[in-house]
1. In this structure, is Glu68 touching a residue at least 12 places away in the same chain (Cβ under 8 Å) and outside any helix (DSSP H, G or I)?
2. Are there any pairs, at least 6 apart or on different chains, whose C-beta atoms fall under 8 Å, with the first in region 111-136 and of a type in the set (Asp, Glu) and the second surrounded by fewer than 19 Cβ atoms within 10 Å (Cβ to Cβ), and if so, which?
3. Any residue in region 71-83 that's closer than 20 Å to Ile167 by Cα: show its pairings with residues that are open to solvent by 60 Å² or more (accessible area, probe 1.4 Å) and outside any helix (DSSP H, G or I) at Cβ separation under 6 Å, as long as the two are six or more apart or on different chains.
4. Please go through region 180-216 and pick out each residue that is of a type outside the set (A, V, I, L, M), closer than 19 Å to Ala319 by Cβ and modelled with pLDDT of 95 or more.
5. With the structure loaded, tell me whether Ala105 is under 16 Å from Trp312 (Cβ atoms) and either in a strand (DSSP E or B) or modelled with pLDDT under 95 (or both) or whether it fails that test.
6. Out of (1) under 21 Å from Ala255 (Cβ atoms); (2) crowded, with 23+ Cβ neighbours inside 10 Å, what's the single condition that is false for Asp117?
7. Checking the conditions here, which among Ala227, Ala275, Ala315, Ala299 is over 15 Å from the mean Cα position of the chain (by Cα), at negative phi and open to solvent by less than 40 Å² (accessible area, probe 1.4 Å)?
8. Tally time: how many residues in region 233-251 are surrounded by 14 or more Cβ atoms within 10 Å (Cβ to Cβ), under 18 Å from Leu171 (Cα atoms) and either free of Cβ contacts under 8 Å to residues at least 12 places away in the same chain or touching a strand residue (DSSP E or B) at 6+ places or on another chain (Cβ under 7 Å) (or both)?
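The values are calculated or read from the model by the stated rules, or taken from the named source; none is laboratory data. All of these numbers come straight from a predicted model, not from anything done at the bench. For neighbour counting, all protein chains shown are included, and Cβ atoms are generated from backbone atoms with ideal geometry for every residue, glycine included. Just the protein is used for accessible areas: all its heavy atoms, side chains included, with ligands, DNA and RNA removed. Shrake-Rupley method; radii C 1.70, N 1.55, O 1.52, S 1.80 Å.
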Amino acid sequence: MRKKQFVLSVLLGATSLLASSAPLAQQAFPARPIRLIVPFAPGSGTDNTARYLAREMEAVFSSPVVVENHPGANSFIAAKMVAAAQPDGYALLISGSSAMTVNAAIFKALPYDPLKDFAPVARLAKGAMGLAVNAESPYRSVDDLVAAMRKRPGALNYGSGSAAYQITTELFLSMASSKASHIPYKGAAQALTDLAGRQVDFAFADYAALVPFLRSGKLRLLAVSSAERLESEPGVPTVEQAGYPGFDMVNWTSAFAPAGTPEPVIDKLSSAIVAIYERPQTQEFLAGTNWDSFAAGPAALRQYQIDEIAKWSRAAEIAGIEKQ
């Protein structure tokens, strides 16, 4: 009888120890460096956002947060990496619209499911894209560029650093009844470097990525993709104002974890990230690159993601882009 009582006592003690250690494990997060996986090369708008977020998260958690760039393959590489990572909160995808919404609009089959394979963590920021040309090009307006493309269909080429840029450009070309050749890149920074070097004729890219090239005088901004003009570029029209009603395409960034990440870990990450993006200093940082905070938690991000997949799918259909 005493033996049974002893065994029962040991089992109850072990159960109690496990129950008490679970909250401690949750409280201990993060216990090692968090990796922010970016599907674009350094210098892109998403990369700039991730590096800012990493610095702020390090201060909040008193733990290292590192940014890893894994560009290429239409963001497949980075997305697959995070989807396959341990669902423990230590690997987050800091993604723009391409990986998590646009790819679903242009690919028949993806090597990952943007909804099922990821747990939404937090929305971060959104911003307009700009239509730019080389500063020495003869195109000083959207009309100039469109006239040149109509005169020589397919002769001009454009660079795109993601699927979002490609659909945005093809939608513009469709509305302008024009044709141009597509040159794909692993990220906006590379596309804009070649635009500055006159290897391509024009490109849509995040305004944040365009800023260094505009300030150095290497590129000229013809229009912005949002419904309203940018405060920092009051003399630059929107694409809609340039003659294309209804044109309103913006990019955004958000944080996603692998599906199955424990809810307490998601909550801890989400609360910290949303708080960071609601700070005045973050608003100031974003304003410097004409991005806007639209911080929100997992539920809002998931609904926004679903709505964006539908929006980009409609844009791809209008642009005549067949699924690959």
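1. So Glu68 passes the test.
2. From region 111-136, the pairs are Asp117/Ala259; Glu136/Arg198.
3. Pro71/Lys186; Gly72/Lys186; Phe76/Pro111
4. Passing the criteria: Ser181, His182, Asp201, Phe202, Phe204.
5. In short, yes.
6. With (1) under 21 Å from Ala255 (Cβ atoms); (2) crowded, with 23+ Cβ neighbours inside 10 Å applied to Asp117, the lone miss is (2).
7. Every option except Ala315 fails the conditions.
8. Residues in region 233-251 being surrounded by 14 or more Cβ atoms within 10 Å (Cβ to Cβ), under 18 Å from Leu171 (Cα atoms) and either free of Cβ contacts under 8 Å to residues at least 12 places away in the same chain or touching a strand residue (DSSP E or B) at 6+ places or on another chain (Cβ under 7 Å) (or both): 7 in total.
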